[in-house]
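Below: the structure, in structure tokens.
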Amino acid sequence: METVTHTEAVRGHVEQARSRGATVALVPTMGDLHEGHLALMAEGRRCADVLVASIFVNPLQFGPREDFQAYPRALERDAVKLDGAGADLLFAPSTETIYPRGLAATTRVEVPELTDILCGAARPGHFTGVATVVNILFNIVRPHVALFGEKDYQQLRIIRRMAADLQMDVEIRGMPTRRAPDGLALSSRNRYLSPFERARAPELYHTLRDTALALERGQRDIPALEGAAAARLAAAGFGVDYVSIREAETLATPHTATRTFVVLGAARLGAARLIDNVTADIP
Ligand code: PAF
């Protein structure tokens, strides 16, 4: 695997691959890779001829009081993991490479309706930062397929909407959340949990899963289900940002005809803000 830091180097590799008819998969990441990322790499390896991974801790998606500085960075270790996962190219750009005109002056991608709700309400500007950087990475790498984890459910919906609205010639593929044996969704931010908090953290998943089960068993009092789930998390010591039941496709508020739901939650435990989601299908 080769590591490159400049746009021209990525373009050279990808142009060469495309000119011999090869297909290209991109897995965008912020590094500190875990099994969840490696599952995305495995799928990328399986579904395309050339696998490109990117590692870029994107300042545009962090709020002023968020963990941009503290976000775990482990480029050398990550490169070894990517090599083992069969990646062909690692793109690890600097901030100047991605935003040559500076953060404040750069053009942004807004995805209306989806960016200000749920996590977007608690993290203003976050999803605009995500959509913008993903768009830039797509323009640099020009992948045929790009892979994202379903743990970041709202992010995945926003990227799908952006790709559709801007008529991008790329397939967006979502991959199931990878979990620790006790149910906790794998995330780089799990590192922030103390051993005591780590032991409590799976309660987020268990609460969302039980709420999804209640929906599947026919309960339809959405506010009551959301309230009970939030109360359960608060009792377990979480600072609850939200528990919300939405239509799985659109993230709109469910109505009587809704058949596919997603139960989403975001909650703080010590220094970690954890997110997770579980879908529920009603036959
Ligand atoms: O999910 C992430 O790691 C990031 O939000 C992404 C998609 C790499 C954009 O910075």
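The values are calculated or read from the model by the stated rules, or taken from the named source; none is laboratory data. Here the structure is a predicted model, which means the values were calculated and not measured. Reconstructed Cβ throughout: ideal geometry from the backbone, glycine too, with neighbour counts over all protein chains shown. These area figures cover heavy atoms from the full protein model, side chains too; ligands, DNA and RNA do not enter into them. Shrake-Rupley method; radii C 1.70, N 1.55, O 1.52, S 1.80 Å.
Name every residue in the stretch 119-139 that is among the β-branched types (V, I, T) and either open to solvent by less than 10 Å² (accessible area, probe 1.4 Å) or near the ligand (Cβ under 9 Å from one of its atoms) (or both), in order of residue number.
Of everything in the stretch 119-139, those that are among the β-branched types (V, I, T) and either open to solvent by less than 10 Å² (accessible area, probe 1.4 Å) or near the ligand (Cβ under 9 Å from one of its atoms) (or both) turn out to be V130, T132, V133, V134.
Does R189 satisfy being under 18 Å from R273 (Cα atoms), part of a helix (DSSP H, G or I), within 13 Å of the ligand (Cβ to nearest atom) and within 18 Å of the chain's Cα centre (by Cα)?
On the way: under 18 Å from R273 (Cα atoms): yes; part of a helix (DSSP H, G or I): yes; within 13 Å of the ligand (Cβ to nearest atom): yes; within 18 Å of the chain's Cα centre (by Cα): yes.
Considered against the rule, which asks whether it is under 18 Å from R273 (Cα atoms), part of a helix (DSSP H, G or I), within 13 Å of the ligand (Cβ to nearest atom) and within 18 Å of the chain's Cα centre (by Cα), R189 comes out as yes.
Does D67 satisfy being more than 10 Å from the ligand (Cβ to nearest atom), out of contact with any Leu (no Cβ under 8 Å at 6 or more places or on another chain) and in contact (Cβ under 8 Å) with a residue 60 or more places away in the chain? Quick ask: steps written out before the conclusion?
Working: more than 10 Å from the ligand (Cβ to nearest atom): yes; out of contact with any Leu (no Cβ under 8 Å at 6 or more places or on another chain): yes; in contact (Cβ under 8 Å) with a residue 60 or more places away in the chain: yes.
Answer is yes for this residue.
Taking the stretch 221-248, which residues are closer than 21 Å to E113 by Cβ and part of a loop (DSSP other than H, G, I, E, B)? Outline the logic, then answer.
First, pick out the residues of the stretch 221-248 that are closer than 21 Å to E113 by Cβ: 222, 226, 241-248.
Hit for the stretch 221-248 is A248, nothing else.
Has the stretch 156-177 got any residue that is assigned to a loop (DSSP other than H, G, I, E, B), within 16 Å of the ligand (Cβ to nearest atom) and within 15 Å of L264 (Cβ to Cβ)?
yes
Can you pull out the residues in the stretch 32-54 that are open to solvent by 20 Å² or more (accessible area, probe 1.4 Å), within 13 Å of the ligand (Cβ to nearest atom) and not in a loop (DSSP other than H, G, I, E, B)?
H37
Being among the aliphatic types (A, V, I, L, M) and part of a loop (DSSP other than H, G, I, E, B) narrows it down to one residue among L251, L213; which is it?
L251
Taking interchain pairs and intrachain pairs at least six residues apart, which have beta carbon atoms under 6 angstrom, with the first residue in the stretch 8-36 and closer than 19 Å to T177 by Cβ and the second away from the ligand (no atom under 16 Å from the Cβ)?
Filtered contacts from the stretch 8-36: no entries.
What helices (runs of 4 or more DSSP H) completely inside the stretch 70-138 contain at least 2 residues that are more than 23 Å from A9 (Cβ to Cβ)? Give the steps one after another, and end with the answer.
Values: elements: 75-84, 95-98, 119-122.
Fully inside the stretch 70-138 and qualifying: 119-122.
If only one of E96, E110, E171 is under 19 Å from T7 (Cα atoms) and open to solvent by 50 Å² or more (accessible area, probe 1.4 Å), which one is it?
Working: E110 fails: under 19 Å from T7 (Cα atoms); E171 fails: under 19 Å from T7 (Cα atoms).
After ruling out the rest, the residue left standing is E96.
Just need a number here: residues in the stretch 265-278 that are part of a strand (DSSP E or B) and surrounded by fewer than 21 Cβ atoms within 10 Å (Cβ to Cβ).
3
Can you tell me which of (1) away from the ligand (no atom under 16 Å from the Cβ); (2) on the phi > 0 side of the Ramachandran plot is the one R200 doesn't meet?
The one condition R200 does not meet is (2).
List every residue pair whose Cβ atoms sit under 8 Å apart, with the two residues 6 or more apart in sequence or on different chains, where the first one lies in the stretch 187-207 and is at pLDDT 95 or above and crowded, with 17+ Cβ neighbours inside 10 Å and the second, anywhere, is among the hydrophobic types (A, V, I, L, M, F, W, C) and assigned to a helix (DSSP H, G or I).
Sorted first by the residue in the stretch 187-207, then by its partner, the pairs are E203/L233; L204/L233; T207/A229; T207/L233.
With the checklist (1) over 18 Å from the mean Cα position of the chain (by Cα); (2) open to solvent by 20 Å² or more (accessible area, probe 1.4 Å); (3) without any contact (Cβ under 8 Å) to a residue 40 or more places away in the chain in hand, flag the one item Q155 doesn't pass.
(1)
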